[in-house]
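For reference, the structure is listed below as structure tokens.
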Amino acid sequence: MQASQFRKLAAYLLQTHYGLDLDDTTLSEDYSTGVAQGDRVFLLINMLSNKYDLQRLDSKDNQPLSIFDEVKGLVAMNLTLVLGEQQTCCPLCGHRTNFTELDCTTQIHDCMNPSCENVFITQFDQETYQ
Ligand SMILES: [Zn+2]
């Protein structure tokens, strides 16, 4: 994930689900020192939540975040391209991607080119997150 995508997504998820500013946490620092790189943002926030016993604002049972929250955040923040069809390479650089299938219509792709690191989503059914 690109640094700008990471920062904006982490800020959005922290604010939306925990009412916290990114600067109130160690996430940004963890990312810039390389500690957090390679992990999904929602997993990092869940680790933070466990460590500091954070309470979710939007969930009484304090469920951890899921990859769907991450995808919704990426889409809501316009941080990523949402492509309407299956894609095997990065639309920015053409490099191969690693992808995670969320359900039968949605995949989240991470560009494997270390100088690109773009994250994008493919969604065959455009209605799902709108
Ligand atoms: Zn790329």
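The values are calculated or read from the model by the stated rules, or taken from the named source; none is laboratory data. Please read all numbers here as calculations on a predicted model, not as lab measurements. Neighbour counts are summed over all protein chains in view; Cβ atoms, including those assigned to glycine, are modelled from backbone coordinates with ideal geometry.
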Filter segment 42-58 for residues that are at negative phi and not in a helix (DSSP H, G or I); the one that is surrounded by the most Cβ atoms within 10 Å (Cβ to Cβ) is Leu54
Would you check if Asp69 is in the same structural domain as Leu14 (by TED's automatic domain parsing), free of Cβ contacts under 8 Å to residues at least 24 places away in the same chain, closer than 23 Å to Ala11 by Cα and among the acidic types (Asp, Glu)? no
Qualifying residue in segment 55-65 (condition: touching a residue at least 40 places away in the same chain (Cβ under 8 Å) and in contact with a Lys or Arg (Cβ under 9 Å, 6 or more places away or on another chain)): yes
Quick one: how many residues across segment 95-111 are assigned to a loop (DSSP other than H, G, I, E, B) and either touching a Phe, Trp or Tyr at 6+ places or on another chain (Cβ under 9 Å) or modelled with pLDDT under 95 (or both)? 2
For segment 112-127, how many residues meet the condition of being away from the ligand (no atom under 11 Å from the Cβ), in contact (Cβ under 8 Å) with a residue 40 or more places away in the chain and not in a strand (DSSP E or B)? 2
Whichever residue in segment 72-111 is free of Cβ contacts under 8 Å to residues at least 24 places away in the same chain and surrounded by 15 or more Cβ atoms within 10 Å (Cβ to Cβ) and, among such residues, is farthest from the ligand (Cβ to nearest atom): Gln107
Unique match (being outside any helix (DSSP H, G or I) and surrounded by 12 or more Cβ atoms within 10 Å (Cβ to Cβ)) among Asp30, Asp69, Asp39, Asp61: Asp39
